[in-house]
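Chemist: Let me give you the structure first, and then I'll get to my questions.
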Amino acid sequence: MVGYGFGKGRGWRGFGRGAGFIQMPEPLPPPPPGTVRVAVATLDGNGVNALVSPRFARAPYIVVVDVMGGRVVNHYVVPNPAASAPRGAGVAVARWLISSQVNVVLAVNLGPNIQEILAQTNIRVEYTQPGIRVIDALRLAKLVSI
């Protein structure tokens, strides 16, 4: 049994590095019934006037917007702790989106990990342009009128 012992077969990846160590914020409170909850990665924390980030899981902020009847009824600005993570940002953000009951993601681009998780959980993905305001991205996706 020489050469077989503690850690055999795990390699350096087996020691828990990744999404499990990214401390994401607490999930958002549930949206009111009949609400569509939309998440948008942004470059700044200016709410619905924030600019859409070209990157999703590593964007500095995530703006979550509750839409009902074509109108914004609430929004949350959440600093993204996964933005500077060495790895696992997509998985950590996807888990947080699921726990916050997000229905739609507006994104410029998604990495393969977050894209796969969102597809498995039936969170709809709509693609948008970088650098436009969140409210304009919502209008382009026909999620809000006005």
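The values are calculated or read from the model by the stated rules, or taken from the named source; none is laboratory data. These figures come from a predicted structure and were not determined experimentally. All Cβ positions, glycine included, derive from the backbone under ideal geometry; neighbour counts span all protein chains shown. Calculation scope for accessible area: heavy atoms of the full protein, side chains included, ligands and nucleic acids excluded. Shrake-Rupley method; radii C 1.70, N 1.55, O 1.52, S 1.80 Å.
Chemist: Of all residues in the stretch 40-66, count the ones that are within 14 Å of L138 (Cβ to Cβ) and open to solvent by less than 10 Å² (accessible area, probe 1.4 Å).
Modeler: Number of matching residues: 10.
Chemist: Could you check the stretch 94-146 and list, in sequence order, the residues that are polar (S, T, N, Q), part of a loop (DSSP other than H, G, I, E, B) and open to solvent by 80 Å² or more (accessible area, probe 1.4 Å)?
Modeler: Scanning the stretch 94-146 gives Q101, N109, N122, Q129.
Chemist: Same structure again: Would you please name the residue that is modelled with the highest pLDDT, looking only at residues in the stretch 1-19 that are open to solvent by less than 70 Å² (accessible area, probe 1.4 Å) and part of a helix (DSSP H, G or I)?
Modeler: Of everything passing the filter in the stretch 1-19, A19 is modelled with the highest pLDDT.
Chemist: Among the residues of the stretch 80-90, what is the count of those that are in a loop (DSSP other than H, G, I, E, B), buried (at least 17 other Cβ atoms within 10 Å of the Cβ) and either of a type outside the set (S, T, N, Q) or without any contact (Cβ under 8 Å) to a residue 12 or more places away in the chain (or both)?
Modeler: So the answer is 2.
Chemist: Could you tell me which of the residues V77, V108, V125, V93 is under 22 Å from P30 (Cβ atoms) and touching a residue at least 40 places away in the same chain (Cβ under 8 Å)?
Modeler: Only one candidate qualifies: V93.
Chemist: What about P27, is it open to solvent by 10 Å² or more (accessible area, probe 1.4 Å), part of a loop (DSSP other than H, G, I, E, B) and in contact with a Ser or Thr (Cβ under 6 Å, 6 or more places away or on another chain)?
Modeler: Considered against the rule, which asks whether it is open to solvent by 10 Å² or more (accessible area, probe 1.4 Å), part of a loop (DSSP other than H, G, I, E, B) and in contact with a Ser or Thr (Cβ under 6 Å, 6 or more places away or on another chain), P27 comes out as yes.
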